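Everything on this sheet refers to the single structure shown next.
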Amino acid sequence: MADITVRPMTAGDAARVLAIYQAGLDGGDASFEITAPTWAQFDAGKLPAHRLVAVGDDSMVIGWIAVSPTSARAVYAGVVEHSVYVDPAARGRGVARLLLDALIASTEAAGVWTIQSGVFGENTASLRLHERAGFRVIGVRERVARHHGRWRDVILLERRSPVIT
């Protein structure tokens, strides 16, 4: 993984970030969404301080991670929900784990005590990734919505920081 670097996401990364996002959506097990947002929508919904990209030795973006606030209420300022996506051609190289570890460091440095996510049960690679990074299952939203004509369950995950008390 020495050929992969994690750095802050910039507006210049928009085309690659959204292309990777769309590739994940096209796979069918990443989100209820079917079309990636515009950059303006993405930018408005993600916290600027915790947007990261992974780049290969050719400086091409091969993955990204970002967080959204879970609530506008001040008491939830330390709780975020994250998304992580990796270019299909770069999967299996540890990119998602590098991004997740960098996000954990970033959020903890900022006082965030809980990172949440919702993952389709069929997305076993994502579930394993999160478990290895210290996330735990806190529940299942059974048949929460239809996706491509079928009901989907969403497994709710969270990671509580052991350093923020």
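The values are calculated or read from the model by the stated rules, or taken from the named source; none is laboratory data. As the structure is a prediction and not an experimental result, all values here were calculated from the model. Please note: Cβ atoms are built from the backbone with ideal geometry, for glycine as well, and neighbour counts cover all protein chains shown. Quick note on the areas: whole protein, heavy atoms, side chains included, nothing else; ligands and nucleic acids left out. Shrake-Rupley method; radii C 1.70, N 1.55, O 1.52, S 1.80 Å.
Side notes on the structure shown:
- Computed from the C-beta positions of residue 163 and residue 41, the FRET efficiency with R₀ = 45 Å rounds to 0.85.
- Note on residue 39: accessible area approximately 50 square angstrom, rounded to 10, probe 1.4 Å, nucleic acids and ligands left out.
- The range 31-154, accessible surface, carbon-and-sulfur percent (1.4 angstrom probe): 52
- Here the simple spin-label model places points 7 Å from the Cα toward Cβ, and for residue 108 and residue 145 these points are separated by 3.2 nm.
- Potential lengthening of the chain between residue 32 and residue 7 amounts to 6.2 nm, from the contour at 0.36 nm per residue minus the alpha-carbon distance.
- For the chain, relative contact order (Cα pairs under 8 Å, six or more residues apart, normalised by length) works out to 20 percent.
- Overall, the chain carries a charge dipole of about 440 debye about its Cα centre when +1 sits on the Cβ of Lys and Arg and -1 on the Cβ of Asp and Glu, all other atoms neutral.
- Average Cα contact separation per residue, the range 100-165, under 8 Å, 6 or more apart, as relative contact order %: 41
- Heavy atoms of the protein chains alone define the surface here; on that basis the chain has 53 Å² accessible area per residue at 1.4 Å probe size.
- Convex hull volume of the C-alpha atoms in the chain, normalised per residue: 117 Å³.
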